[in-house]
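Q: Provided herewith is a single structure, encoded as structure tokens, for subsequent inquiry.
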Amino acid sequence: MNVIECNQLTKTYGRFNALINLSFTIKENTITGIIGRNGAGKTTLLKILAGFFRETKGEVKVFEEKPFNSLLVSANSIYIDEYMNYPTSLTLVDILHQNSRFYEKWNAQLANRLFDYFSLQPKQHYNRLSKGQKNTFNAIVGLSSRCALTIFDEPTTGMDASVRKDFYRALLKDYLEHPRTILISSHHLDEIDDLIEEVLLIKNGEKHLHKPVEELKEYAIGVQGPEAAITQWTAEQQVIHCRSLSPGTSYAVVENHFSAALKAEATRMGLHFSPVTASDVCVYLTHQNKGGIDDVFNKY
Ligand SMILES: Nc1ncnc2c1ncn2[C@@H]1O[C@H](COP(=O)(O)OP(=O)(O)OP(=O)(O)O)[C@@H](O)[C@H]1O
């Protein structure tokens, strides 16, 4: 069953198109990474799915309903980001209690265990926590809600490396025992590529690709060697990235669907192949054609 169905979904802010004709579906009980650069439209999409924003055009269905103003969607989904708005008078333990009243599948035991593990103090107030502590607390709320649709928008902002690792491990362990549909937005696919099953890559408001992460790991291959040989060999290929490594030596990343004969030809030409991570593929595919940061300084 599809939990999410988007068909030609468009969202405009004034005259600006933040999302353009997005069409995709997300199956029940999967973990999907929503990947894209700053301003790509990840938060806009996730807030539409959570029912916070109304779409401008196209169709969006969550649990077969339009999410905006839907009680069904709000009772069965949770949206977690770094700007959670809790009443300042409530302590952390009060907030957990209030959440337990709202979310039918809330698991208090999990909430309490994670709360202790991450050394949060019951009487603390949310607005006095550090950025990393706030996001750790938010993550606990997101996990403990066990909502059928759980949305984490950049959940690890401000968390130190070990808390990030623990959070992703906790998420995976709880998901395996209690499968649900989870969306996680991130700029860093490398951090979550062991966790997610699918990648939805957004570039400038448009869907760039939606694939199983295992396919993305095989999507491209790196090839390195003399510049002239690289230019000749890649002429017929889909090149997604190319750079000079040193004078006379180049590195190119090409889509991984060429014949064995062509691969043998490359070896004869003195070219060497290397794997390209799914994360690097996303970086190359979403690169803006503006040269590199060095070019900014070269003008002076
Ligand atoms: N309320 C708004 N009014 C006008 N433009 C907006 C508004 N919210 C977002 N935008 C614009 O829409 C685009 C997408 O923003 P969005 O926050 O969805 O991106 P994002 O992929 O989540 O970015 P980041 O990774 O930086 O959080 C951006 O260009 C942003 O400036």
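Q: Along the Cα-to-Cβ line of residue 82, 7 Å from the Cα, sits a label point; which residues in segment 110-141 have backbone N less than 17 Å from it?
A: Residues passing the 17 Å test: 127-140.
Q: Check each of the GluC sites (Glu not before Pro) in segment 163-254 and keep only those in coil by DSSP with at most 11 other C-beta atoms within 10 angstrom; list them in order.
A: Listed in order of number, the matching sites are 236.
Q: While we're on this one: Filter the trypsin sites (Lys or Arg not before Pro) in segment 217-300 down to the DSSP loop ones having no more than 15 other Cβ atoms within 10 Å, then list what survives.
A: Here the trypsin sites (Lys or Arg not before Pro) that fit, given the DSSP loop and packing criteria, are 290, 299.
Q: Next question, about the same structure. With each run of n ≥ 4 DSSP H residues scored as -39500 (n - 2.57), what mean residue ellipticity at 222 nm is computed for the chain after dividing by its residue count and rounding to the nearest 500 deg cm²/dmol?
A: Result for the chain, helices only: -10000 deg cm²/dmol.
Q: GluC sites (Glu not before Pro) within segment 56-136: which are DSSP loop residues with at most 16 other Cβ atoms inside 10 Å?
A: Answer in residue order: 64, 82, 104.
Q: Another question, if that's okay. Any idea what % of Cα-Cα pairs in segment 220-275 are farther than 17 Å?
A: Counting every Cα pair in segment 220-275, those more than 17 Å apart make up 23 percent.
Q: Any idea what the dipole of segment 2-216 comes to, in debye rounded to 20, about its Cα centre with Lys/Arg Cβ at +1 and Asp/Glu Cβ at -1?
A: The calculated dipole for segment 2-216 is roughly 660 debye.
Q: Under a point-charge model restricted to the Cβ atoms of Lys and Arg (+1) and Asp and Glu (-1), what is the dipole moment magnitude of segment 125-199 relative to its Cα centre, in debye to the nearest 20?
A: Here the size comes out at about 500 debye.
Q: While we're here: Give me the one-decimal nm value for the distance between modelled label points at residue 123 and residue 93, 7 Å along each residue's Cα-to-Cβ direction.
A: According to this spin-label approximation, the distance is 0.9 nm.
Q: Right, here's the next one. Two decimals, Cα atoms only, Kirkwood Rh: what is Rg/Rh over the chain?
A: For the chain, the value is 1.04.
Q: Could you give the distance between the Cα centres of segment 207-252 and segment 54-121, to the whole Å?
A: First find each Cα centre; the distance between them is then 43 Å.
Q: Right, here's the next one. If we count other beta carbons within 10 Å of each Cβ, what is the order of 242, 6, 282, fewest first?
A: By the 10 Å Cβ count, ascending, the order reads 242, 6, 282.
Q: Taking 35 Å as R0, compute the FRET efficiency from the Cβ-Cβ separation of residue 228 and residue 38 and round it to 0.05.
A: 0.40
Q: Quickly work out the residue 245-to-residue 297 label distance, labels modelled 7 Å from Cα along the C-beta direction, and quote it in nm with one decimal.
A: Result for the modelled spin labels: 2.4 nm.
Q: Could you work out how far the C-alpha centroid of segment 13-33 sits from that of segment 138-167, in angstrom?
A: 21
Computed from the coordinates by the stated procedures, all read-outs in this text should not be read as laboratory data. Quantities reported herein were computed from a predicted structural model and do not represent experimental measurements. Counting neighbours? That spans all protein chains shown, and the Cβs are built from the backbone with ideal geometry, glycine included.
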